[in-house]
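A.B. asks: Mind having a look at this structure? Questions to follow.
The values are calculated or read from the model by the stated rules, or taken from the named source; none is laboratory data. Since the model is a prediction, treat every value here as computed from it, not as a measurement. Cβ: placed from backbone, ideal geometry, glycine included. Neighbour counts: every protein chain shown. Quick note on the areas: whole protein, heavy atoms, side chains included, nothing else; ligands and nucleic acids left out. Shrake-Rupley method; radii C 1.70, N 1.55, O 1.52, S 1.80 Å.
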Amino acid sequence: MTRDALKTLFYPFESGALEVPDQGKRVLFLNAEPSFRLPDDFGAELSLVQGFRPHFRALAAASHVVNPAPEGDGFDAAVVLCGRHRGQNEAWIVQALERVGSGGLIVVAGDGGDGIASLRKRLEKTIGLDGHLPKYHGEAFWFRRPETIEAIVAILRERDSGARVDGRFEAAPGMFSHDRIDAGSRLLAESLPGKCKGVAADFGAGWGYLSAALAERTTGLKAIDLYEADHTSLEAARRNLATIGTALPLGFFWHDLVGEKVEKKYELIVMNPPFHQGRAAEPQIGQAMIKAASSSLKSGGLLYMVANRGLPYDHALKVGFSSVTELRREAAFRVIVAQR
């Protein structure tokens, strides 16, 4: 089903408020999501950017040209689909400003519940807008890329101060727990085994906290592989673990653990599975990741995972593993160790 904000994004072109880009033009589409529908006579060449692996795969399967990060510059226009994180939305607008040519059109849209109105007001003060339209429970606004953008970019980046999580880890808005170590992940890190002979994997590695904890707390490991669906988070993990990688081999896999098979087998897997992509809880994501972990462990291999206490994971664990033990229970979380 197409998200309302996707329809809102292209409504200014459909309504006639904006001229439809014609053939020969190049348009950058930041945070492109599957199932978007272009207005009639939209002849411009689209350059899609989507770093979330499931969306990327769906767009590629629909024969779109899509990249996990922006490439190229001098675009005639850009369209930006906003999400729930203000800092991430502002980062996408910065990317549009940096890659669209002077005077190029930039169109931004989002759902009403995701702060699009406050973002519009902020951009009105910093850039000045050419217009805006509410539609489909959201809002679209647009402006022309100024010739000089340095001051505007500085304002949009002021919330991302560059402070590091726990004084050492790089993270950014839009990543899971970008401004602190998640309480569940910390609890799991404290519960990791002291020794493991073989190769370990971090499923849903994010910006690398659990992999760093593994490298520091679990001796005997031959290597650690990180699997993460968010491209930006995986690249942050690569930088965060750069010093660890000089002593312990690391593998980085941009991977959809729900939709793509893991080809390797491991002695140990750790994970703090996500339980939502939108606003509602989606425990089937964690259930699918438990199934993937079971399939990716060698006989006798161990899964160490943390989960919110109320999530229905017990059946998936019993089906996929020979033994399941609750190692710790604290506040809203429980740490589970399961043997293949």
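A.B. asks: Pull up the cross-link candidates among the lysines for Lys135, meaning alpha carbon to alpha carbon under 19 Å and not fewer than 8 places away within one chain.
C.D. replies: Here the lysines satisfying the reach criterion relative to Lys135 are Lys7, Lys121.
A.B. asks: With labels modelled as points extended 7 Å from the Cα through the Cβ direction, what inter-label distance (nm, one decimal) is found for Phe176 paired with Ala61?
C.D. replies: 2.2
A.B. asks: Compare Glu330, Glu19 by solvent-accessible area with a 1.4 Å probe and give them largest first, with all protein chains kept in place. Don't jump to the answer; show the numbers that get you there.
C.D. replies: Numbers: Glu330 95, Glu19 155 Å².
The residues order as Glu19, Glu330, largest area first.
A.B. asks: Here's a follow-up. Sort Asp76, Asp166 by heavy-atom solvent-accessible area, probe 1.4 angstrom, most to least.
C.D. replies: Descending order: Asp166, Asp76.
A.B. asks: Using the basic label-point model (7 angstrom from Cα toward the beta carbon), what is the Leu311 to Glu124 distance in nanometres?
C.D. replies: The two pseudo-label positions are separated by 4.0 nm.
A.B. asks: Another question about this same structure. Considering only the other residues whose Cβ falls under 15 Å of the Cβ of Pro34, what net charge follows from Lys and Arg at +1 and Asp and Glu at -1?
C.D. replies: Net of charged neighbours comes to +2.
A.B. asks: Now, a different point. Skip the ligands, DNA and RNA, and give the accessible area per residue of the chain with a 1.4 Å probe, whole Å².
C.D. replies: 47
A.B. asks: In nm, to one decimal, how far is the modelled label at Arg168 from the one at Arg144, with both set 7 Å along Cα→Cβ?
C.D. replies: Placing both labels 7 Å along Cα→Cβ, they lie 5.1 nm apart.
A.B. asks: Here is a follow-up. With r as the distance between the Cβ atoms of Leu327 and Thr219 and R0 = 22 Å, compute the FRET efficiency 1/(1 + (r/R0)^6) and round to 0.05.
C.D. replies: The computed FRET efficiency comes out at 0.70.
A.B. asks: Quick one: what Rg and Dmax do you get for the range 228-290 from the alpha carbons, in Å?
C.D. replies: 13.5, 41
A.B. asks: How many percent of the accessible area of the range 43-181 is carbon or sulfur, using a 1.4 Å probe?
C.D. replies: In the range 43-181, the share of accessible area belonging to carbon and sulfur is 46 percent.
A.B. asks: Summing +1 for each Lys or Arg and -1 for each Asp or Glu, what net charge is found among the other residues whose Cβ lies under 12 Å from the Cβ of Arg334?
C.D. replies: Summing Lys/Arg as +1 and Asp/Glu as -1 gives 0.
A.B. asks: Moving on to the next point. Among all lysine pairs in the range 182-340 that are eight or more places apart or on different chains, how many have alpha carbons less than 19 angstrom apart?
C.D. replies: 18
A.B. asks: Using DSSP, restrict attention to beta bridges with both residues in the chain and report what percent are antiparallel, rounded to the nearest 5.
C.D. replies: Approximately 40 percent, going by the DSSP bridge assignments.
A.B. asks: Here's another thing I want to ask about it. Mind checking the range 154-260 for trypsin sites (Lys or Arg not before Pro) that DSSP puts in a loop (not H, G, I, E or B) and that have at most 13 other Cβ atoms within 10 Å?
C.D. replies: For trypsin sites (Lys or Arg not before Pro) across the range 154-260 that sit outside H, G, I, E and B with at most 13 neighbouring Cβ atoms in 10 Å, the list reads Arg159, Arg164, Arg168, Arg180.
A.B. asks: Taking a probe of 1.4 angstrom, what is the accessible area of Asp111 in Å², to the nearest 10?
C.D. replies: 30
A.B. asks: At a probe size of 1.4 Å, how large is the accessible area of Lys264, to the nearest 10 Å²?
C.D. replies: Spelled out: Lys264, probe radius 1.4 Å, area about 90 Å².
A.B. asks: Next up: Principal axes first, then extents: for the Cα atoms of the range 96-171, list largest minus smallest coordinate on each axis, whole Å, largest first.
C.D. replies: Here the Cα extents, ordered largest to smallest, are 42, 32, 20 Å.
A.B. asks: Consider the candidate values (i) 16.7; (ii) 21.2; (iii) 17.8; state which one is mean projected area of the Cα convex hull in nm² computed from the structure displayed.
C.D. replies: (iii)
A.B. asks: Protein chains only, probe 1.4 Å: how do Thr246, Thr325, Thr148 rank by accessible area, largest first? Could the numbers behind the result be given before it?
C.D. replies: On the way: Thr246 120, Thr325 70, Thr148 95 Å².
Correct descending sequence by accessible area is Thr246, Thr148, Thr325.
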